[in-house]
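Peer 1: Before I ask anything, let me first share the structure, which is written out below as structure tokens.
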Amino acid sequence: MFDYLIVGAGFAGSVLAERLANGSNKKVLICDKRPHIAGNAYDCYDNEGVLIHKYGPHIFHTNSKEVFDYLSRFTEWRSYEHRVLASVDGMLVPIPINLDTINKLYGLNLTAFEVKEFLEKVRENRAVLRTSEDVVVNAVGKELYEKFFRNYTRKQWGLDPSELDASVTARVPTRTSRDDRYFTDSYQAMPRHGYTRMFEKMLDNPNIKIILNCDYREIVKDISFRQMIYTGPIDEFFDYRYGKLPYRSLEFKHETHDTEKFQTAPVVNYPNEQAYTRITEFKYLTGQEHRKTSVVYEYPQAEGDPYYPIPRPENAELYNRYRVLAEARSDVHFVGRLATYKYYNMDQIVAQSLTQYGKIAGMKRQEATSLVLEKQPAIKTPLYSNGNGVRVNVSGGV
Ligand SMILES: Cc1cc2nc3c(=O)[nH]c(=O)nc-3n(C[C@H](O)[C@H](O)[C@H](O)COP(=O)(O)OP(=O)(O)OC[C@H]3O[C@@H](n4cnc5c(N)ncnc54)[C@H](O)[C@@H]3O)c2cc1C
């Protein structure tokens, strides 16, 4: 008899399994249809021994000390600030757009003050920021929008920015300084030994049993459990009663090259000519030293594994219909990005899962996490903070 059946061993399922087992002494069965734990954050060594992220680059960043401290129970960290270049007009320039981007692109030598004036001149005032196009054109004008955003968005989402919710590009900043960091969160770091190792530590408890390669529907009738935590797609749970929730998918093409370095930045974005959107070179992210190097190309697809919920009003409405069904199920807790049909970063999923645990255990979130602090001594490691203070928007997106 299990207290909980948890469907999905990604961040949502694993945080809840850990909390229920360590914090409430519950017996948990966690199952995943994939052959591994860690969900989309799964990393592994490829045939050449290079540490790669199977489902595309996962960069950890957060403004939440609570989330960072919680995960620090299970991993040491490696300081890492992410940087991205974009291939535009035959040049590699920093993205988000900053002072150097403008100077390099237009062969100028503007100061921070002058670039502010430059952007003031080229931007087009849009009274209402309804779509992604409105947001970008309002900030940097039509030309930079065309060079950096329009085709990239079309590739990534299969939709023109004018058809996409403002929220998709609202979080892309424009800088007049030379700051070329992709994120400005207070905590930016990668698990020193990788994500999968961190998940192994989270799930290392005799009260947690793990079944892999197993769709929960294959076992749900044969095991006894009191409650379910479901982190899979919400529409699938209800047998697509109201139709399918649309997702954007990706195909990942992994390659290993017989050279120490493949490109000059961790990620290079290709907004225009190529079918792929970006190339990531993993050794930058992981800090691994190896005489070969592995990269991944990302090709956006309409069909395939569900990766990005498509933020459009009609999809939100469809999700809300499923949410009503979910709320009527007191025996099942719906948690995580697929069960709540929302693009969340890893830190947001950890926060959501800790809140959910607090609700289940009848305690406030802070109490819910502090319980673990007493039980398990933290792995002592210097925290990395860029000293920039807190940024309002926790999400950053990649
Ligand atoms: C390409 C890409 C890059 C990203 N990069 C970043 C980044 O840099 N930084 C960041 O913070 N976030 C990033 N994210 C977001 C991050 O992946 C998510 O926040 C996180 O993985 C969500 O965790 P989850 O547990 O909700 O979902 P998942 O990790 O998807 O876990 C859900 C699990 O449920 C399993 N499952 C589903 N249905 C069933 C079933 N019927 N039976 C059994 N198991 C089932 C799935 O196999 C899956 O393993 C990225 C996402 C993508 C797609």
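Peer 1: For the range 42-58, which positions are closer than 14 Å to Gly10 by Cα and in contact with a Phe, Trp or Tyr (Cβ under 6 Å, 6 or more places away or on another chain)?
Peer 2: Asp43, Lys54, listed by residue number.
Peer 1: Report yes if some residue within the range 307-324 is closer than 26 Å to His193 by Cβ and surrounded by fewer than 22 Cβ atoms within 10 Å (Cβ to Cβ); otherwise report no.
Peer 2: Yes.
Peer 1: Could I ask something else about it? Residues that are in contact (Cβ under 8 Å) with a residue 12 or more places away in the chain and more than 12 Å from the ligand (Cβ to nearest atom): does the range 213-224 have at least one?
Peer 2: yes
Peer 1: Separate question: Which of the numbered conditions does Pro94 fail, given that it passes all the others? Conditions: (1) touching a Ser or Thr at 6+ places or on another chain (Cβ under 6 Å); (2) over 23 Å from Tyr152 (Cβ atoms).
Peer 2: With respect to (1) touching a Ser or Thr at 6+ places or on another chain (Cβ under 6 Å); (2) over 23 Å from Tyr152 (Cβ atoms), Pro94 is out only on (2).
Peer 1: From the list Tyr247, Tyr276, Tyr270, exactly one residue is outside the structural domain of His333 (by TED's automatic domain parsing) and touching a Pro at 6+ places or on another chain (Cβ under 7 Å). Which is it?
Peer 2: None of the other options fit; the residue is Tyr247.
For (1) within 26 Å of Pro271 (Cα to Cα); (2) in contact with a strand residue (DSSP E or B) (Cβ under 6 Å, 6 or more places away or on another chain); (3) not assigned by TED's automatic domain parsing to the domain that holds Lys142, each residue gets a yes or a no:
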| residue | (1), (2), (3) |
| --- | --- |
| Asp46 | no, yes, yes |
| Leu51 | no, yes, yes |
| Thr62 | no, yes, yes |
| Glu66 | no, no, yes |
| Phe74 | no, no, yes |
| Ala86 | yes, yes, yes |
| Met91 | yes, no, yes |
| Leu110 | yes, no, no |
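Peer 1: Would you check if there is a residue in the range 100-113 being of a type in the set (A, V, I, L, M, F, W, C) and surrounded by 19 or more Cβ atoms within 10 Å (Cβ to Cβ)?
Peer 2: yes
Peer 1: With respect to Arg329, determine if the residue is modelled with pLDDT of 95 or more and in a loop (DSSP other than H, G, I, E, B).
Peer 2: So Arg329 passes the test.
Peer 1: Name the pairs: first residue in the range 28-39 and more than 14 Å from Gly194 (Cα to Cα) and without any contact (Cβ under 8 Å) to a residue 24 or more places away in the chain, second residue within 7 Å of the ligand (Cβ to nearest atom) and among the polar types (S, T, N, Q), Cβ to Cβ under 6 Å, at least 6 apart or on different chains?
Peer 2: Nothing qualifies.
Peer 1: Here are some conditions: (1) surrounded by 18 or more Cβ atoms within 10 Å (Cβ to Cβ); (2) away from the ligand (no atom under 14 Å from the Cβ); (3) part of a loop (DSSP other than H, G, I, E, B). Ser294 meets all but one. Which one does it not meet?
Peer 2: With (1) surrounded by 18 or more Cβ atoms within 10 Å (Cβ to Cβ); (2) away from the ligand (no atom under 14 Å from the Cβ); (3) part of a loop (DSSP other than H, G, I, E, B) applied to Ser294, the lone miss is (3).
Peer 1: Check every one of the helices (runs of 4 or more DSSP H) wholly within the range 1-107 and list those with 3 or more residues that are within 25 Å of the chain's Cα centre (by Cα), within 11 Å of the ligand (Cβ to nearest atom) and closer than 27 Å to Thr184 by Cβ.
Peer 2: Because the criterion is at least 3 residues that are within 25 Å of the chain's Cα centre (by Cα), within 11 Å of the ligand (Cβ to nearest atom) and closer than 27 Å to Thr184 by Cβ, the helices (runs of 4 or more DSSP H) in the range 1-107 that meet it are 11-18.
Peer 1: Then there is this: Checking the condition farther than 30 Å from Tyr299 by Cβ, surrounded by fewer than 17 Cβ atoms within 10 Å (Cβ to Cβ) and of a type outside the set (A, V, I, L, M, F, W, C), which residue from Asp258, Asp222 passes?
Peer 2: Asp222 is the lone residue from the list that is farther than 30 Å from Tyr299 by Cβ, surrounded by fewer than 17 Cβ atoms within 10 Å (Cβ to Cβ) and of a type outside the set (A, V, I, L, M, F, W, C).
Peer 1: Can you pull out the residues in the range 303-362 that are on the phi > 0 side of the Ramachandran plot and without any contact (Cβ under 8 Å) to a residue 12 or more places away in the chain?
Peer 2: Gly362
Peer 1: Oh, and also: Inside the range 202-230, can you point out the residues that are among the polar types (S, T, N, Q) and farther than 18 Å from Ile37 by Cα?
Peer 2: Ser224, Gln227
Peer 1: Could you count how many residues in the range 328-369 are within 16 Å of the ligand (Cβ to nearest atom) and of a type outside the set (Val, Ile, Thr)?
Peer 2: Result for the range 328-369: 21.
Peer 1: With the condition kept exactly as written, say whether any residue in the range 280-288 is among the basic types (Lys, Arg), surrounded by 19 or more Cβ atoms within 10 Å (Cβ to Cβ) and assigned to a helix (DSSP H, G or I).
Peer 2: Yes, there is a match, as at least one residue in the range 280-288 is among the basic types (Lys, Arg), surrounded by 19 or more Cβ atoms within 10 Å (Cβ to Cβ) and assigned to a helix (DSSP H, G or I).
The values are calculated or read from the model by the stated rules, or taken from the named source; none is laboratory data. All of these numbers come straight from a predicted model, not from anything done at the bench. Please note: Cβ atoms are built from the backbone with ideal geometry, for glycine as well, and neighbour counts cover all protein chains shown.
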